[in-house]
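Here's the structure we're looking at; comments come further down.
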Amino acid sequence: MEERTHSWIAIRALALLEDLGIEKKLVALLKPHVGKSSVGCWIPDQVDAKRGGAGSSTENHVLKMEPYGRKNSERFVLGKKDLLKQTGPHRMITRFLGDDESLDAGWWGTPYKGDVTKAGHHLPNRIMALSTMMKDLLLMGDQRIDSLIPGDVRFAQYMKPELRTNEEAAAMFFFMISHFVADAGMPCHCDGRKLSAYSEGLHKELEVYWSRKVGPSFERKKLLKEDIEPDAVLRCARDIDAGFQVEWSCSSLPDLNEGNDIWLEFIYLCRASFALASIIAPFKQYPYGGDGKAPFANLFGSGKENLLDAMSRTVLHDAVLNTAIVWKHIWGKVSSI
């Protein structure tokens, strides 16, 4: 996603937590910093996020993906029925894939991302790494953070105040993890085919389409203003729902699927996103080894607008929901240590 969309997803997740009346102390930590700390939502996509400067590729920077060089097939093959159990009824991707009849048994019997020559590119690695780091940073939080988390951290007495995580930094890391959570639901980020590369068109055009619908209220120049009013920003985030026909019917927020850690939860969600990519750009028409080029206009042009609407609603609903679930999980782990 582009900056506007990443910022909206994270801020809408915060509004969802507030609306559900859960994790009130986490909301109290994040809400005052919904403006300046929102830089975490989009800085991972900056070319200088890896120490390579202007000539670096945004598609492989270290803050987005880390390669996994071993054989993937044992871990990433999961049939449709089992995958839908993992994604759960609370996610729209479950309904989207459940209604699909275009992916046959042969497709479901292949590994997530298929037989690609370039190993890895698994977003779950980054999500797991950040979530683990964040728990430690929160335990070393300053007095404000410490007041929001139950219990005592006895070693804090030996730390100078400037060594402890301040609340602005903590908020930024929550917003940063939302970036990778959102990307795990974006089909092109979970598809190893050449057609999904940003430079091939489809990826870029999808992100531009979403960014235009989100609108200018979530541009960095507005979120970074000194006089930003958090309640107004959250109201604006809720107003975007109608444009994507997103509705929130949940009365509570689900946990990770039983038996899953964050890494495994997102392996399954990435596989679901790859399935979605294979529906959007039909796998038999656009196989691995193809020359790329699955034009946006061909896939979502005249007569296919319903597919674009349904796919956008699915991706963005789940990006917000998944962000809120991950935030709740991290905060719950810290609060129970």
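A short reminder: the numbers here are calculations on the coordinates, not readings from a lab. If you're wondering where the values come from, they're calculated on a predicted model, not measured in any experiment. As a convention, Cβ positions derive from the backbone with ideal geometry for all residues, glycine included, and neighbour counts pool all protein chains shown.
Report, largest value first, the span of the C-alpha coordinates of region 131-215 along each principal axis, in whole Å.
Principal-axis extents of region 131-215 (Cα, largest first): 54, 29, 22 Å.
Listing CYS41, CYS250 from the residue with the fewest other Cβ atoms within 10 Å to the one with the most, what is the order?
Ranking CYS41, CYS250 by Cβ neighbours within 10 Å, fewest first, gives CYS250, CYS41.
Would you compute, from DSSP H runs of 4+ residues alone, the mean residue ellipticity of the chain at 222 nm, taking -39500 (n - 2.57) per run and dividing by the full residue count, rounded to the nearest 500?
Values: 16 runs with 177 residues, N = 337.
Mean residue ellipticity at 222 nm (helix-derived): -16000 deg cm²/dmol.
What shape does region 254-337 take by its C-alpha gyration tensor, where a ≥ b ≥ c are the square roots of the eigenvalues and a/c under 1.5 counts as rounded, a/b above b/c as prolate, and the rest as oblate? Write out the running numbers ahead of the final one.
Numbers: a/c = 3.91, a/b = 2.14, b/c = 1.82.
In terms of gyration-tensor shape, prolate.
Under a point-charge model restricted to the Cβ atoms of Lys and Arg (+1) and Asp and Glu (-1), what is the dipole moment magnitude of the chain relative to its Cα centre, in debye to the nearest 20? Present the calculation step by step, with values, prior to reporting the outcome.
Details: 43 positive and 44 negative charges, 105 e Å.
The calculation lands at about 500 debye.
Among the listed pairs LYS31/LYS221; LYS225/LYS333; LYS194/LYS284; LYS81/LYS284, give every one whose C-alpha distance is greater than 24 Å. Walk me through the numbers before you get to the answer.
On the way: LYS31/LYS221 18 Å; LYS225/LYS333 33 Å; LYS194/LYS284 14 Å; LYS81/LYS284 21 Å.
Pairs exceeding the cut-off: LYS225/LYS333.
Take the chain, drop everything but the C-alpha atoms, weight them equally and run the Debye formula without solvent; then report log10 I(q)/I(0) at 0.10, 0.12, 0.14, 0.15 Å⁻¹ to two decimals.
Debye output, listed in q order: -0.58, -0.84, -1.15, -1.32.
Excluding GLY292 itself, calculate the net charge of residues whose Cβ lies under 12 Å from the Cβ of GLY292, where each Lys or Arg counts +1 and each Asp or Glu counts -1.
0
Classify region 185-337 from the C-alpha gyration tensor, please: rounded if a/c falls under 1.5, else prolate or oblate depending on whether a/b exceeds b/c.
Oblate, since a/c reaches 1.5 and b/c is not below a/b.
Which GluC sites (Glu not before Pro) from region 178-245 combine a DSSP loop assignment with at most 11 other Cβ atoms within 10 Å?
GLU226
Which trypsin sites (Lys or Arg not before Pro) does region 209-301 hold that lie in a coil by DSSP with at most 16 other beta carbons within 10 Å?
Those satisfying the criteria are LYS225, LYS284, LYS293.
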